[in-house]
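Undergrad: The structure is given below, and queries will be raised subsequently.
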């Protein structure tokens with residue numbers, strides 16, 4: 001079956017702009033989580049959505065937001081981009097339960113200039 | 001909040017040598033998961049350990065979960081160039097599927 005699909009793969013934005021990233025989970029997976037990966041901070045949890053509701057949230061400012069649609073696809077939005085937002089943004093899909101394995105997409109490489 | 005520490009940060013071995021990475025959580029874990037990320041790639045799930053003292057093997061990889069369910073290790077016997085990558089441990093926290101990742105151990109294998 002198809003894996004987790006993230007679009008776009010690469011993105012270059014200017015400081016102050018906003019960006020929307022998309023994630024299509026594996027068919028049948030209803031939990032979608034987002035992570036930010038940087039060389040200095042490693043993998044940091046942003047938020048998790050399940051059945052269109054945010055189930056968990058990490059320690060990121062309100063500029064980072066997300067949502068999930070009825071087909072489980074998810075988007076995350078970052079407003080007022082800062083240079084420090086440059087990172088690899090990874091989406092992971094999981095089955096509906098708790099503490100289940102995460103299947104990661106290839107990520108979106110965001111560069112803020 | 002919950003923290004997961006992982007050591008070493010980096011290891012460079014000769015092909016055929018063994019490799020071990022260690023993971024320690026500040027709190028007791030319901031389970032621990034291990035992921036591998038190849039250079040330029042994304043994390044790929046390797047295994048999940050659930051029981052206290054559990055040991056699981058995948059070919060040359062041996063995973064252990066401590067008795068107190070606060071620490072874990074991954075041991076690779078006779079490394080190969082295909083083992084190159086970053087190995088992460090991750091522990092769940094809270095409800096749902098939120099994972100706290102260790103910083104990862106970068107493994108380089110010299111042939």
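None of the figures in this text is laboratory data; all of them are computed from the coordinates on show. Keep in mind that what you see is a predicted model, and the values were worked out from it rather than measured. Here the Cβ is made from the backbone with ideal geometry for all residues, glycine too, and neighbour counts use every protein chain on show.
Undergrad: What does the average come to when, for each residue of peptide B:35-44, you count the partner chain Cβ atoms lying within 10 Å of its Cβ?
TA: Neighbouring Cβ atoms belonging to other protein chains average 4 per residue here.
Undergrad: Kirkwood Rh, the protein assembly as shown, all Cα pairs: how many Å?
TA: The Cα-based Kirkwood calculation yields 17.9 Å.
Undergrad: State, to one decimal in nm, how far the label point of residue B:10 lies from the label point of residue A:27, with both points 7 Å from Cα in the Cβ direction.
TA: Calculated label separation equals 4.4 nm.
Undergrad: Then there's this: If you find the alpha carbon centre of the range B:52-111 and of the range B:1-21, how far apart are they in angstrom?
TA: 9 Å
Undergrad: For chain A, what is the largest minus smallest coordinate of the Cα atoms on each principal axis, given in angstrom and ordered from greatest to least?
TA: 38, 26, 26
Undergrad: Compute the distance in nm between two label points, each set 7 Å from the Cα along the Cα-to-Cβ direction, one at residue A:11 and one at residue B:77.
TA: In this crude spin-label approximation the distance works out to 4.6 nm.
Undergrad: Here's something else I'd like to know. Give me the inter-chain shielding for A:42-52: mean count of other chain Cβ atoms within 10 Å, whole number please.
TA: Average neighbour count from other chains, rounded to a whole number: 4.
Undergrad: Starting from one equal scatterer on each C-alpha and no solvent at all, send me the Debye-based log10 I(q)/I(0) for the range B:3-111 at q = 0.13, 0.14 Å⁻¹, two decimals.
TA: -0.43, -0.50
Undergrad: Highest mean first, what order results for B:62-72, A:6-16 on Cβ atoms within 10 Å?
TA: B:62-72, A:6-16
Undergrad: Follow-up. Would you mind getting me the FRET efficiency between residue B:51 and residue A:69? Use the beta-carbon distance for r and R0 = 45 Å, nearest 0.05.
TA: 0.75
Undergrad: Another question, if that's okay. Can you give the average number of partner chain beta-carbon atoms within 10 Å of each beta-carbon in peptide B:103-110, as a whole number?
TA: Going residue by residue through B:103-110 and averaging, the value is 1.
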